[in-house]
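See structure below.
Just so you know, all these numbers are worked out from the coordinates, no wet-lab data involved. Not measured: the values here are computed from a predicted model. Quick reminder, even Gly has a Cβ in these numbers, built from the backbone with ideal geometry, and neighbours come from all protein chains shown.
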Amino acid sequence: MKLNFITKLMMGVAITASLASCSLDDDNNYDIPQQNVARGLIANASPSSGNLYFFADENQVNETALNYAEARGYYHFRLGQRVLSLKDQSGTVLDTVHVTLRDGDYFSAFAVNTFDDIELVSYTDSLEYPEANHALVRFINLSPDAPAIKIDATGITQSLATDVAFKDATPFISVPRGSREIRYTNAQTGATLFTDTNVEFSPGRIYTIYTKGFVTPPTGSNETFSTKLLQNY
């Protein structure tokens with residue numbers, strides 16, 4: 001009997017439950033029991049893309065379609081050289097990306113860009129434990145027509161990021177616990193693109209916030225520029 005090498009770890013939620021039994025190693029990283037697998041999260045950040053399916057080699061990852069702004073994972077992936085692919089509902093391959101997966105790796109794969117120019121991109125996830133009373137957050141600019149973005153948060157003197165271009169990701173940044181307003185501006189002109197209010201950062205947690213939608217939506221699209229928060233731990 002042929003076995004699918006992707007085991008669904010959990011659906012529609014982030015990494016919290018899958019890492020609930022973690023301890024810390026000597027380097028202050030989350031110590032996850034090694035199971036000879038890598039773990040991946042999948043997300044659809046492509047406006048008006050419709051139903052999407054992610055594959056690893058010939059194996060389908062998500063059992064049901066992933067719609068815009070949805071994310072699922074983490075899933076178990078077999079180690080080694082893998083070809084991740086993105087397909088539409090008819091089974092047409094939209095894009096592929098090659099990844100090398102090692103034991104204990106965590107990654108996030110996003111469908112990005114407009115549907116006509118859709119791409120599959122992958123980012124490495126970090127499980128370094130935040131300092132006391134802090135969280136870690138990474139920002140990714142996945143808005144297809146957005147300029148480079150500057151990101152600021154209330155109560156934090158320095159900008160969290162100053163020049164995040166399309167498909168660029170910041171490192172995981174340490175932020176104090178608590179609720180904050182986050183402002184996204186055009187890095188060149190200073191014009192406000194979007195403001196997130198009451199973004200809650202819990203101590204010991206790890207997050208990804210990605211921008212999505214259009215600064216100037218095309219005719220017929222209601223997908224305006226906004227953000228989505230994912231909890232990696």
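At a glance:
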item	result
Residues located in the stretch 63-96, provided they are under 16 Å from the mean Cα position of the chain (by Cα) and either assigned to a loop (DSSP other than H, G, I, E, B) or not charged (D, E, K, R) (or both)	Leu66, Asn67, Tyr68, Ala69, Glu70, Ala71, Gly73, Tyr74, Tyr75, Leu84, Leu86
Residue in the stretch 130-149 that is farthest from Asn113 (Cα to Cα), counting only those that are surrounded by 20 or more Cβ atoms within 10 Å (Cβ to Cβ) and out of contact with any Pro (no Cβ under 8 Å at 6 or more places or on another chain)	Val137
Sole residue being over 25 Å from Thr124 (Cα atoms), loosely packed, with under 13 Cβ neighbours inside 10 Å, in contact (Cβ under 8 Å) with a residue 40 or more places away in the chain and β-branched (Val, Ile, Thr), chosen from Thr197, Thr216	Thr216
Subset of the stretch 123-149 [part of a strand (DSSP E or B), touching a residue at least 40 places away in the same chain (Cβ under 8 Å) and among the polar types (S, T, N, Q)]	Asn141
Residue in the stretch 173-186 that is closer than 22 Å to Thr154 by Cβ, touching a Lys or Arg at 6+ places or on another chain (Cβ under 9 Å) and among the small types (Gly, Ala, Ser) present	no
Odd one out for Pro203, checked against (1) assigned to a strand (DSSP E or B); (2) touching a His at 6+ places or on another chain (Cβ under 8 Å)	(1)
